[in-house]
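Participant: If you scroll down you'll find the structure; I have some questions about it.
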Number of protein chains: 2
Amino acid sequence: MKLRCPICGKTYDEPVQRCECGEPVEFELFEGEPYIGKSVWERFWDFWPVEPALEFSLGEGDTPLVKSRLGDGFGVKLYLKNETVNPTWSFKDRGTFLAMSYALKAGYKAVGTVSTGNMAASVSAYASRFGLKAKILVSESASDEKLKAVSVYGGEVIRVFGDYGRLYFESLKLGEKLGVYFINSDNPFRIEGYKGIAFEIAEELTPDYILIPTSSGGLFRGVAKGFIELYENGLIDSIPKLIAVQAKGCSPICKAFLEGKEKVERFENPETIAKAIANPYPPSGNAVLRLLREFGWGCVSVSDDEIRKAQTELATEGLFVQPASATGVAALKKLNLPEGAKVVSILTGSGLRALKDAPAGKITECPLEGLKNCLR
Amino acid sequence: MKLRCPICGKTYDEPVQRCECGEPVEFELFEGEPYIGKSVWERFWDFWPVEPALEFSLGEGDTPLVKSRLGDGFGVKLYLKNETVNPTWSFKDRGTFLAMSYALKAGYKAVGTVSTGNMAASVSAYASRFGLKAKILVSESASDEKLKAVSVYGGEVIRVFGDYGRLYFESLKLGEKLGVYFINSDNPFRIEGYKGIAFEIAEELTPDYILIPTSSGGLFRGVAKGFIELYENGLIDSIPKLIAVQAKGCSPICKAFLEGKEKVERFENPETIAKAIANPYPPSGNAVLRLLREFGWGCVSVSDDEIRKAQTELATEGLFVQPASATGVAALKKLNLPEGAKVVSILTGSGLRALKDAPAGKITECPLEGLKNCLR
């Protein structure tokens, strides 16, 4: 097991959470070949940093790649990778499962995370599944209603009063001291779990572009590493172009990228309906920035109005997603991609988790006696 | 295409919705063999009454079969068939997709359904996906919040004032006149779609018992027909015992079964937290009753308290389901099944759709400065 800091290059033989320089670490590239198997874990068995604890799997991964009409207007072939059908209805389950497999093997009795949404639910669910205690640190403003979908799994939900931004680093520090393994947004095992998205896409398609809603940068890094490993092992002929998509109201990575900055800076006064990607100071921001430049990839930000419109369009394809998941389709309009390009947009989480912010359709009323007229 | 009434035996060459005697019709048994393929539609290609319109598929079906600890206390091997990871997060999508494939092929421009929950969302979503208009008839008491998850897909949601029970039959009658194809709970194509659950289970396991939350009877009939077809085609050696599970507060089928009645009667004053299975006068009730007796199967009802407890237990397995979906696990305690029996319980729909009724876990509060103590 060897980890490396993608920024300063320092290597580690133990699975540390972050490099001494403050940046995230990541596992070196894996070598291997694919096998026949039911789950993505089995088919890409050589590519995981820890043996997946299949007896505790909930069937995460192996999500549908759905053909969409929404690319037609832009002359591209659009495919939607529907991560909303994971066990807790977001892509987080892939990373949570793999990181939890490590925590169990390493002998931890408790795990934790810092999140109020998809990741909180995912870690709470898998902790119970694995028989581990969970400490879910949520922001003071999280509503009781929203937290129900987290606490229901049995994890201990802790509302922390104070600077929520500091919690990410504070939790890693305290967790190490107290023997609580924190599986935060860019935990190195979590990142590895997201590679499965790239593997599954490559099994079905040779895409030209991948649109990735980007907040902390964990998902982006995982998908990137997946495609890079496929390429380095000779399993695909070229690496698709990855586009990080952010909400205009909280787009620290795009800002640094477009301004040619070396480091991502804290985004002041973040405000967007895409709550799931509203991290103003992304812990993997610099690592994503480096990938974007090294590979000549791109970063695009979209407004709340554009996100809302894309969310409604996706629903007419039969896919109800949370606002953050609609950013990829919203970005399509700004990218001017080449005619006929094959594009995959990743739908990260279910619209049911953000029902309050969902666009409502029209509801009409009709007396039973007049039903005939209402049905015409 | 040949349909038959399982009660009076009359046959039809056209896909009518119900028999002249008032009972549901069903397709005769299919003959065939399984193939290699990615989706259940392709692997069991011979077994569908209409060609599945795969270009409009959202990836419904092929859901995980999850091993559960919850059978340990009862000496059985329990598996959970997790239907909450379908595209609109319930089993309904399987039937909706197949019925919609027929509606499109038959030239209908509009489809409809009578439902306020899972089926409403499913039909609304797939109608938009297939490019058809949808008329979703909901009860007058349905909350705006709940209906958002239906109307968001673009289907026309119609709140009907009057006797909701009459709507099932009224909609079929008017739909036929007006060219709106109603895909209600036991539409014959819908039933066929549910066979996929039996097919997938048989691909992984030789179960002894299947626990099926039962309301209208559509799901039960579909799963039963799936296993019967597998058996008649020599693909399995024996048919598992199917157990219909109902909520005690609305258990018309169990009541008729236990009292030895020939027909299911309307259940008076229904009341249960398991809203998704609270049909007091199930349109496929008599057909289910006949199956139970013909095969020597069973019917069990469980109280709201038992349902709530099972819902919480399932969440500690990492699976957050709606109350109706927890009835199977609740029934386990009352069944006294033989030691070592292999039991599958079908988890029909996501807990996110009934978040208001979900059991809340504990939420504690902690100042950031005192986090160390809170994490101990």
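Laboratory data are not the source of any read-out in this text; all were calculated from the coordinates shown. Source: prediction; values computed, not measured. Positions of Cβ are backbone-derived with ideal geometry, glycine not excepted, and every protein chain shown enters the neighbour counts.
Participant: How many angstrom separate the Cα center of segment B:183-236 from the Cα center of segment A:130-168?
Facilitator: Segment B:183-236 and segment A:130-168 have Cα centres separated by 40 Å.
Participant: So which residue, out of B:338, B:240, B:282, gets the largest mean-square fluctuation from a GNM of chain B using Cα contacts under 10 Å as springs?
Facilitator: B:338
Participant: Hey, another quick one. For the pair residue A:145 and residue A:305, what calculated FRET efficiency results from E = 1/(1 + (r/R0)^6), where r is the Cβ-Cβ distance and R0 = 22 Å, to the nearest 0.05?
Facilitator: Using R0 = 22 Å, I get an efficiency of 0.25.
Participant: So what are the ³J(HN,Hα) numbers for segment A:47-58, from phi and the Karplus equation (6.51, -1.76, 1.60; θ = phi - 60°), rounded to whole Hz, Gly and Pro as x?
Facilitator: After applying 6.51 cos²θ - 1.76 cosθ + 1.60, I find 9, 9, x, 8, 5, x, 7, 4, 5, 9, 4, 9 Hz.
Participant: Let me ask something else. From the cross-link list A:146/A:372; A:77/B:356; A:362/B:248; A:333/B:92; B:77/B:275; B:38/B:81, which pairs have alpha carbons spaced over 30 Å apart?
Facilitator: A:146/A:372; A:77/B:356; A:362/B:248; A:333/B:92
Participant: Roughly speaking, what is the stretch gain from residue A:232 to residue A:205, that is 0.36 nm per residue apart minus the C-alpha to C-alpha distance, in nm to one decimal?
Facilitator: 7.9 nm
Participant: May I ask you to evaluate 6.51 cos²θ - 1.76 cosθ + 1.60, the Karplus curve with θ = phi - 60°, for each residue of segment A:258-268 and list the ³J(HN,Hα) values in order in whole Hz, giving x for glycine and proline?
Facilitator: Coupling constants for segment A:258-268: 6, 8, x, 6, 7, 10, 7, 10, 4, 8, 7 Hz.
Participant: Another one. Compare B:46, B:186, B:72 in a GNM of chain B, Cα atoms joined below 10 Å, and give the one with the largest fluctuation.
Facilitator: The residue that fluctuates most here is B:72.
Participant: A follow-up question, please. Could you estimate the translational diffusion coefficient of chain A from the Stokes-Einstein equation, with Rh from the Kirkwood formula over C-alpha pairs, at 37 °C and 0.692 mPa s, in whole µm²/s?
Facilitator: 156 µm²/s
Participant: May I pose another question? Using amide H atoms built 1.01 Å from N in the peptide plane, name the residues 5+ places from residue B:210, or on other chains, whose amide H lies under 5 Å from its own.
Facilitator: HN-HN under 5 Å from residue B:210: B:241, B:242, B:243, B:344.
Participant: Which cross-chain or sequence-distant (5 or more) residues have an amide H under 5 Å from the amide H of residue B:111, H modelled 1.01 Å from N in plane?
Facilitator: Hits under the 5 Å cutoff: B:133, B:134, B:135, B:181.
Participant: Shifting gears a bit: Would you pull out the residues with amide H under 5 Å of residue B:53's amide H, same chain only if 5 or more places away, H placed 1.01 Å from N?
Facilitator: Those lying under 5 Å, H to H, from residue B:53 are B:101.
Participant: Report, in listed order, any pair from A:105/B:67; B:10/B:263; A:255/A:334; B:148/B:334; B:105/B:135; A:105/A:148 with a Cα-Cα distance greater than 26 Å.
Facilitator: B:148/B:334; A:105/A:148
Participant: For the pair residue A:54/residue A:357, report the inter-label distance in nm, with labels modelled 7 Å from Cα in the Cβ direction.
Facilitator: 3.8 nm
Participant: Fewest to most neighbouring Cβ within 10 Å: what's the order for B:69, B:353?
Facilitator: So the ranking, lowest neighbour count to highest, is B:69, B:353.
Participant: A further question follows. 7 Å from Cα along Cα→Cβ at both residue B:21 and residue B:364: what's the point-to-point distance in nm?
Facilitator: Each label point is offset 7 Å from its Cα along the Cβ direction, giving 6.3 nm.
Participant: Going toward the positive end of the dipole of segment B:90-182, with +1 on Lys and Arg Cβ and -1 on Asp and Glu Cβ, which of B:97, B:107, B:151 do you reach last?
Facilitator: The listed residue farthest towards the positive side: B:107.
Participant: Of all the C-alpha pairs in segment B:90-182, what % are more than 15 Å from each other?
Facilitator: On the way: 2343 of 4278 pairs.
So the pairs more than 15 Å apart make up 55 percent of the total in segment B:90-182.
Participant: Be a star and scan segment A:127-146 for residues whose amide nitrogen sits under 15 Å from the point 7 Å along the Cα-to-Cβ vector of residue A:173.
Facilitator: Counting only backbone N, you get no residues.
Participant: Sort A:263, B:81 so that the residue with the fewest other Cβ atoms within 10 Å of its own Cβ comes first and the one with the most comes last.
Facilitator: A:263, B:81
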